[in-house]
1. Can you sort 11, 391, 45 so the residue with the fewest Cβ neighbours within 10 Å comes first?
2. From the residues 284, 223, 205, which one has its Cα farthest along the dipole of the chain in the positive direction, the dipole being from +1 and -1 charges on Cβ of Lys/Arg and Asp/Glu about the Cα centre?
3. Specify which residue in the list 247, 2, 353 is farthest towards the positive end of the charge dipole of the chain, using unit charges on the beta carbon of Lys, Arg (+1) and Asp, Glu (-1), about the Cα centre.
4. Peptides 348-355, 281-288, 2-9: what's the order by average Cβ count within 10 Å, highest mean first?
5. If one computes the Cα centroid of the range 155-193 and of the range 312-328, what distance in Å separates the two points?
6. Need one word for the chain: rounded, prolate or oblate. Basis is the Cα gyration tensor (sqrt eigenvalues a ≥ b ≥ c); a/c below 1.5 gives rounded, then a/b vs b/c decides.
7. For the range 3-250, what number of Lys pairs, 8 or more residues apart or on separate chains, have alpha-carbon atoms under 18 Å from each other?
8. Return the whole-Å distance between the Cα centroid of the range 195-235 and the Cα centroid of the range 18-97.
Amino acid sequence: MPGFEMFGELEKAQVNDVLENGVLMRYGFDAMRNGHWKANQLEHELCKTLNVSYAQLVSSGTAAVTTALAVAGVGAGDEVIMPTFTFVASFEAVLMLGAVPVLVDIDDTLTLDPVAVENAITEKTKAVMVVQMCGSMGDMERLKTICTKHNLIFIEDACQAIGGSYKNKSLGTIADVGCFSFDYVKTITCGEGGAIVTNNKDYYIRADHFSDHGHDHIGKDRGAESHPFLGYNFRISELNAAVGLAQVKRLKEFIDIQKKNYSILRKELANVKDVTFRRVPEGGVESYAFLNFYLPNLDIARNVSQQFKANGIDACFHYFDNNWHYVRRWKHLKESKSLYPLSTEIRNTLSELNTRDFAQSDHFIGRNLSCLIKLTWTEDEAHQRAKKMREIIEKNL
Ligand SMILES: *Cc1c(COP(=O)(O)O)cnc(C)c1O
């Protein structure tokens, strides 16, 4: 998945455009900037590439999720249903707005289980956040139907799945608001950056103002602009946007390479009895950022993971024992370890996590290995890696 593998002349040329006139800010300074509007241009490219009406760049994926929730009106005391398997950014964004993260089980797609979502709905539920983990997706039709039926906002975190699709729609563009990250390890990178995408014009206008202190961006005098509502500074710099502008044009090239390398690994592992693959919902096409497969039980998965590491098979994650992506090790969250006071309703909901039973999530995450697909492997290296992985797995079965 990492765009960082492919930093080159195109990226340098875009950054040099910005350095030549020194306008590092995305707004204003019209006379100095010599026609360079990198953030603007990247937003247009994202709309074109993903076939969506509006895109707003922000400073990170975490800022994107926060902005997505804010523009949909999620705030104090509102419950947001989210999965047990995601990056910590998901609950960070919810908490930042004073909303309450409600964690529910995942299923064999490694994303939200629609049944668990429906069971978790209360009169306080405001939104459902699906996280398209490791290059694939949730059951979007069933999740959307649940949101419509219960009048809930549907948020799509596609930070790890740019380039994937569901029923011919780009991931990130299916729910009410979608989020992307362009941090250094994502499929395309800005160094640091993120975006929200939507077909809802009101949401877009709110995102445009919210991510820049509430600025309404009307007229040519920034100091004289008004502020229709409160905002924050989640702006991206022109330097970061310039890197992203070069990368977004290479998205198809990156996805094609990922698909080729993914297919080599998958074909080899498909021959191994007792290896099964993550379920991709009907109509879904992965971004091929990761190959995810299941082993028969937790012990085998642990042993294989350790032996992969010892034998040079890097970047194959066993998320069950990982501090950042799975509820089991989110001790700081479960114990409400915050630098500042959290509301009583947040602390009560978080403390329940200590005794909640997530056996269904454990069943899938415990047996799952998730292997990052790199762009720089030669075909030979991919085949050798696949063979070695197969040998190690077969030895442990
Ligand atoms: C990377 C990531 C984020 C956060 O993105 P940053 O740009 O690092 O803040 C959010 N959600 C998911 C699923 C991610 O993988």
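Here, each number is a calculation from the coordinates, and none is a lab measurement. Everything numeric here is computed off the predicted structure, so don't read it as measured data. FYI the Cβ positions are ideal-geometry reconstructions off the backbone, even for glycines, and counts take in every protein chain you see.
1. Details: 11 21, 391 14, 45 17.
Listed from fewest to most nearby Cβ atoms, that is 391, 45, 11.
2. Of the listed residues, the answer is 284.
3. 2
4. Values: 348-355: 13.9, 281-288: 19.2, 2-9: 16.0.
So the peptides 348-355, 281-288, 2-9, ranked by packing, come out 281-288, 2-9, 348-355.
5. 21
6. Working: a/c = 1.99, a/b = 1.23, b/c = 1.61.
Oblate, because a/c is 1.5 or more while a/b does not exceed b/c.
7. For the range 3-250, the number of qualifying lysine pairs is 14.
8. Cα centroid to Cα centroid, the span is 11 Å.
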